[in-house]
Amino acid sequence: MARTAEKRRFAFSNLSSKRETSLVIFILVLILGVTLRSPRFFSLANFHDILLDSAIVAIASIGQMMVVMTGGIDLSVGSGLALSGMLVGLVYKGGLGLNPFLALLLGGLIGLVLGSINSVLVVKGKIPPIIATLGTMSIYRGLIFLASKGQWVSAHEMPSYFIRLARGTVLGIPNLIFIAGLLYIIFYYFLSHTKTGREVYAVGGNLQAAMVAGINTDKINYIVYSATGFLYGLCGVLWVSRFASAQPDTATGFEFSTVTAIVLGGVSVSGGTGRVTGVLLGAVLSSMIENALNVTQTNPFWKLAIQGIVILIAVAMDQIVRRRKKTKVVREQ
């Protein structure tokens, strides 16, 4: 009996230690709590909106996850997204009837260039990631105003088939969710089942050990920053398509949404730890919290404060778990 009880405790401990399980439980509790206060929160239409809102955050968060796992951070995500989306919007405004999937590819390539600039600054320039991407965040935002001359690209200046890119469906599944799901499958395989993906974890886990093991750390940094740029380039096009407008101030502060998603998803700010499934759930939870604040008509001035509190709690929990694991390892030795 004692051994059976011990096995049950071990199984429960192992289950509760997984961030994904904790996130699912927290999401269910959040749904119940908000629904009791505002019943309209619990509706298919509202959940549909939450999933659509979380799709773009989820896509960009994949890249932010890889950057943070290597010990860096990308603060240019929002500006890069907006610049990519604006440039594609200006292509349509100029009268070029670009196929929407080519537009998506164009946005990705623009983002790839922007991400590559970040990688050069970090790898070749030896500039700390937070400083390098803080600089490019301002540069990219400034380029948006220069390219657009401070003007919007409105819905009537875009073809309807482009707007349907983000608003359409595939086999009844919204395109945004379909694209996000496809990208998550690709990057899950990349990080879990390829040599380069495992090297991303190794670089963030212990940089010196990775170098001793012969891993080309510069190459890994080039890959993660460039891939992040490509992903937020895609997000820029999807954003403009979904909201049918490209604005100079689009996605201001969006980088903090990606940081919130990855921290909630269990990505360690110290690097080396993170799971794609956790980030996906973190993006959904982040969007759900924002939606809940809107549905319950929470004072807008409290929204940023609450998001900051959520980030601090998630980071604190991560540090507590890491310390407990270290203590357990020391005791076993």
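Here, each number is a calculation from the coordinates, and none is a lab measurement. Just so you know, these numbers come straight off a predicted model, no measurement behind them. Every residue, glycine as well, gets a Cβ built from its backbone with ideal geometry; the counts of neighbours run over all protein chains shown.
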Exercise for the section: Would you mind putting 46-54, 94-102, 110-118, 257-265 in packing order, based on average other-beta-carbon counts within 10 Å, highest first? Expected result: 257-265, 110-118, 46-54, 94-102
Completion exercise
Rounded to the nearest 10, the angle in degrees between the Cα long axis of helix 2-16 and the longest principal axis of the Cα atoms of the chain comes to 20 degrees
Problem - Positive-end extreme of charge dipole, the stretch 141-219 - chosen from 180, 153, 166 (charges on Cβ) - result: 153
Exercise for the section: Over the chain, calculate the relative contact order: mean separation of alpha carbon pairs under 8 Å at least 6 apart, over the residue count, as a percent. Expected result: 32 percent
Handout entry: Crossing angle, helix 175-193 versus the chain [Cα axis fit, 0-90 degrees, rounded to tens]
Key = 50 degrees
Fill in the blank from the handout: Computed over the chain: longest principal axis from alpha-carbon atoms vs helix 44-69 long axis, angle to nearest 10 degrees, is 70 degrees
Handout entry: Cβ-placed point charges (K, R +1; D, E -1), dipole of the chain about Cα centre in debye, nearest 20
Key = 1100 debye
Handout entry: Rg/Rh ratio calculated on Cα atoms of the stretch 170-289 (Kirkwood radius)
Key = 1.00
Completion exercise
Most packed first (mean Cβ within 10 Å per residue), the peptides 233-242, 276-285, 142-151 order as 233-242, 276-285, 142-151
Handout entry: C-alpha center-to-center spacing [the stretch 90-106, the stretch 34-53] in angstrom
Key = 34 Å
